[in-house]
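No lab work stands behind these numbers, since they all come straight from the coordinates. On a predicted model such as this, the values are computed, not experimentally measured, just so you know. As a convention, Cβ positions derive from the backbone with ideal geometry for all residues, glycine included, and neighbour counts pool all protein chains shown.
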Amino acid sequence: MKGLILSGGFGTRLRPLTYTGAKQLIPIANKPIIFYGIESLVRVGIKDIGIVVGDTRDEVMSVVGDGANWNINIEYIPQESPLGLAHAIKVAREFLGNEPFMMYLGDNILKDSLDELVKQFKENHPNALILLTEVDNPQEFGVAEVDGKGNVKKLVEKPKEPPSNLALVGIYLFDNEIHKAIEHIKPSWRNELEITDAIQWLLDNGYRVESQTVKGWWKDTGKPEDIIEANLLILQDIKPDNKGEVVDSTLNGHVVVEKGAVIEKSIIRGPAIIGQNSRLSKAYVGPFSSIGANVTIENSEVECSVIMDGATIRNLENRIDRSILGRNVVINQINESPRTHKFILGDQSYVQIIK
């Protein structure tokens, strides 16, 4: 079985964070989102992975590499424009050959192991196996209608009137019949080749489509609030580990301090992670915070936030909460202010707050 990870798209809902980088490389607990997908595929024994890339190809290739970090082979497949999930399979046709494969959207994170999904696919031999989860806003997703045994009866992409609240999680298993289906469908009203239309074609033509429902949590990290939530969920499971230098400071709960980080006269309350070579002085970092590498935090407080590499936060009287700071962002408060601050800032931003 091969793996296919989609890492194209423009990430418009995550702007300004995605003006200067790929959404799949935004860090969750100091690890690029796409790494979670790669690791999920590796854990079920997939050794040959194709990554479909678009305009951010060079950045993705630089960060992910050739697969040596996971002892696998990674091949990059260019997609000239994000024309739908089925189109991504189409451009990957040569890489996939006639082998069964798992498709994983590169901006998704799933807590559950994929072992049961793969086991069902190998035992039952359906032409397609989709992963579903209950959502409150099914009109924003591809939605499935299933019978009592989990067999899929109907699929609709982002319906105005959803037939159920079961949304397609961005993980699919296919045999080679999906290529035939894609050749028979036409672009949707969005001018995209929809994977839901391809799976529906399989259903309409007598092929077998099964489903499995997510037992744990799943996050589509398409919006800033999803990044915050995914970071919170991942940090719940971290184990304490201190490889840095801690001076006159208190670490409470599960805290990871990476190599080269210096923490002085500060309080860190986990779960939290402090990245390599970061320096915290007279700082407070509260639960569910990810502090990237080479970050400086002085005389300031951060909680339940994602602070990316190279950011600087100084002299803030009020706590930063549920916020995302892009790489090399600078926030420096001059004079004290009682206001509450919340920021979602793109790369290279600079903010100065004056009383």
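Here LYS154 is the anchor, and the lysines within straight C-alpha reach of less than 28 Å, apart from those fewer than 8 places off in the same chain, are LYS2, LYS90, LYS111, LYS119, LYS122, LYS180, LYS186, LYS215, LYS219, LYS223. Take every pair of alpha-carbon atoms less than 8 Å apart whose residues are at least six positions apart; their mean separation over the length of the chain yields a relative contact order of 13 percent. Normalised by 2.2 N^0.38 Å, with N the number of residues, the alpha-carbon radius of gyration of the stretch 238-354 equals 0.95. Its Cα centre serving as origin, the chain has a Cβ charge dipole (Lys and Arg +1, Asp and Glu -1) of approximately 560 debye.
Just the number, please: percent antiparallel of the DSSP beta bridges in the stretch 97-221, rounded to the nearest 5. Expressed as a percentage, antiparallel bridges in the stretch 97-221 total about 80. Where (1) 69, 45, 40; (2) 68, 41, 39; (3) 73, 47, 35 are the candidate values, the label of the one calculated here for Cα extents along the principal axes in Å is (2). Fully extending the segment from GLU317 to ASP58, taken as 0.36 nm per residue of separation minus the present Cα-Cα distance, adds 89.3 nm.
For LYS160 and VAL91, what does the FRET efficiency come to when R0 = 25 Å and r is the distance between their Cβ atoms, rounded to the nearest 0.05?
That pair, LYS160 with VAL91, gives E of 0.25.
Ranking of ARG190, ARG208 by neighbouring Cβ atoms within 10 Å, starting from the fewest: ARG190, ARG208.
Taken over the stretch 238-354, lysine pairs spaced eight or more positions apart, or on distinct chains, with alpha carbons under 21 Å apart number 7. Pick out which of ASP147, ASP309, ASP115 has the largest mean-square fluctuation in a Gaussian network model of the chain, springs linking Cα atoms closer than 10 Å. Result: ASP147 has the largest fluctuation of those listed. Within the stretch 2-221, antiparallel bridges make up roughly 50 percent of the DSSP beta bridges whose residues both belong there.
Given their separation in residues at 0.36 nm each and the Cα-Cα distance between them, ASN151 and GLU183 gain 9.1 nm when the chain is fully extended. Relative contact order, whole percent, for the stretch 196-261 stands at 21, derived from Cα pairs under 8 Å and 6 or more residues apart.
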